[in-house]
Amino acid sequence: MVIHLKKGIDDGLISELVRELSAVRVRFNGTQILVTPSAIKNVSATVEPYVDEVFICNTDIQLASTEYRPERRQVAVGDVVFGSQNQTVMMAGPCSVESEDQINAVAEYLVNTGVRIMRAGCFKPRTSPYSFQGLRYEGLDLLAKVRDRFGLYIITEVKDATHVDAVIEVADIVQVGAKAMYDHGILTACSNSQKPVLLKRSFGSTLQEFVQAAEFILSGGNEQVILCERGIRTFEHKTRFTLDLCGVAYLKQYTNLPIVVDPSHAIGFAYGVPDLARAAVAMGVDGLLIEAHPNPRLALSDASQQLDFQQFSALSRSLSPIAKAVGRQMI
Ligand code: PEP
Ligand code: MN
């Protein structure tokens with residue numbers, strides 16, 4: 001149950017209500033909100049006088065639910081808005097920051113192509129300790145330089161809580177990776193900031209678990225959350241993961257958060273990325289996250305799935321009419 005309290009209730013009394021209802025206290029734009037476990041569905045007579053509005057939620061998907069807010073939330077990254085209903089935002093760039101030359105080449109290409117948000121990881125959550133782990137803080141410095149020089153917005157990932165503050169400092173969007181979806185150190189740090197957060201679905205999580213992870217960020221006080229479907233693990237081995245477009249339909253129907261699809265990590269091979277990206281745009285998603293690299297064969301991570309610039313440009317051209325057909329514009 002989400003309760004909006006009446007204005008002007010003093011702090012001591014709110015603390016008592018929190019205790020009585022076993023609630024989490026949230027403040028959004030001056031509104032005092034209490035979120036109880038969803039199993040509580042009634043307001044008692046003692047609490048009633050302080051209540052302005054009550055929203056009953058079926059499950060612990062509460063602040064993110066359409067039962068609470070039927071309209072999609074908007075997350076603004078400067079002048080780029082996710083969740084606007086008529087725009088789909090392209091985010092593209094390499095899996096990893098590898099060198100100054102590489103990241104400059106990508107940035108220059110993206111600016112010329114009209115892409116506003118560049119992705120590139122510095123702290124890489126690799127499966128093997130013997131694979132490239134990312135340029136870490138040096139990579140963040142390079143991203144900060146690129147942002148200033150090319151005017152691009154930056155999305156970059158956080159791997160663990162030790163560097164979350166440094167990433168929040170440099171990034172315009174903090175990417176919480178699939179393997180970090182359950183990391184409460186990261187979720188808490190993101191909830192204490194007002195930075196937009198792109199939360200990727202863990203490849204082993206249900207939709208309920210995924211959105212509940214988003215609830216940790218929302219209920220901690222940060223409303224700037226974007227959900228990202230990036231493929232889940234199934235019995236299938238021919239592709240890296242399985243892109244859950246049913247899940248995307250569910251998220252569109254039952255949550256109020258902007259939804260992004262990452263086809264690159266889902267299929268794991270460049271050949272399938274354009275078709276999946278087009279399918280996602282046809283579903284009316286709020287954004288795409290796509291890996292592109294000046295020379296994918298030489299990429300230090302995720303080489304098989306990154307598009308080269310020619311492939312990316314061809315994909316971009318093909319997306320505009322599809323976006324238009326569903327009442328949107330690619331930006
Ligand atoms: C990435 O975006 O490069 C990445 C590691 O993604 P994921 O967390 O989805 O595996
Ligand atoms: Mn990658």
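The values are calculated or read from the model by the stated rules, or taken from the named source; none is laboratory data. Worth saying up front: this structure is predicted, and the values here are computed from it rather than measured. Virtual Cβ from ideal backbone geometry, glycine too; neighbours counted across all protein chains shown. The area values use the complete protein model at the heavy-atom level, side chains included, leaving out ligands, DNA and RNA. Shrake-Rupley method; radii C 1.70, N 1.55, O 1.52, S 1.80 Å.
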**OP:** Output ³J(HN,Hα) for segment 179-196: one whole-Hz value per residue in order, computed from phi by the Karplus curve 6.51 cos²θ - 1.76 cosθ + 1.60 with θ = phi - 60°, and x for Gly and Pro.
**Re:** 6, 9, 4, 9, 6, 6, x, 5, 4, 5, 4, 5, 6, 7, 10, 10, 6, x
Original post:
Taking a temperature of 10 °C and a viscosity of 1.306 mPa s, what whole-number D in µm²/s does Stokes-Einstein yield for segment 176-331 with Rh from Kirkwood over alpha carbon pairs?
Top reply: 99 µm²/s
Original post:
Mind checking the dipole of segment 78-190: about its Cα centre, +1 per Lys or Arg Cβ, -1 per Asp or Glu Cβ, Debye to the nearest 20?
Top reply: 280 debye
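In terms of the Cα gyration tensor, with a ≥ b ≥ c the square roots of its eigenvalues, is segment 1-60 rounded because a/c is under 1.5, prolate because a/b exceeds b/c, or oblate?
Since a/c reaches 1.5 and a/b is larger than b/c, the shape of segment 1-60 is classed as prolate.
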Subject >> Long-range amide H partners of V225 with built H, under 5 Å >> reply: V197
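Can you give me the % of accessible surface on the chain that is carbon or sulfur? Probe 1.4 Å, all protein chains present, nothing else counted.
Answer for the chain is 52 percent, counting heavy atoms of protein chains only.
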**OP:** Based solely on C-alpha atoms, express the radius of gyration and the Dmax of segment 266-328 in angstrom.
**Re:** 12.1, 38
Subject >> Sequence-distant residues sharing a close amide H with N256 (under 5 Å, placed H) >> reply: S65, T66
**OP:** Determine ³J(HN,Hα), in whole Hz, for all residues of segment 39-49 in sequence, where each value follows from phi through the Karplus function 6.51 cos²θ - 1.76 cosθ + 1.60 and θ = phi - 60°; x replaces Gly and Pro.
**Re:** 5, 7, 10, 10, 9, 6, 4, 6, 8, 2, x
Original post:
Helix 11-21 sits at what angle to the longest principal axis of the chain, using alpha carbons and giving 0 to 90 degrees rounded to 10?
Top reply: 90 degrees
Original post:
Using a 1.4 Å probe, what is the accessible area per residue for the chain, in Å²?
Top reply: 42 Å²
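Can you give the Rg to Rh ratio of the chain, both from alpha-carbon atoms, with Rh computed by the Kirkwood formula?
Computed over Cα atoms, the ratio is 1.00.
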Subject >> q = 0.12, 0.15, 0.21 Å⁻¹: log10 I(q)/I(0) that the Debye formula gives for segment 115-252, counting C-alpha atoms only >> reply: -0.49, -0.76, -1.30
Subject >> Directionally averaged shadow of segment 202-275, computed from the convex hull of its alpha-carbon atoms, nm² >> reply: 5.2 nm²
Original post:
Which whole-Hz ³J(HN,Hα) couplings does segment 116-127 yield from phi under the Karplus relation 6.51 cos²θ - 1.76 cosθ + 1.60, θ = phi - 60°, glycine and proline marked x?
Top reply: 9, 10, 9, 9, 4, x, 10, 10, 8, x, 7, 6
**OP:** Report, as a whole number in µm² per second, the diffusion coefficient that Stokes-Einstein gives for segment 47-126 at 37 °C and 0.692 mPa s using the Kirkwood radius over alpha carbon pairs.
**Re:** 199 µm²/s
Subject >> Label point distance in nm, K145-S313, each placed 7 Å from Cα along Cα→Cβ >> reply: 2.6 nm
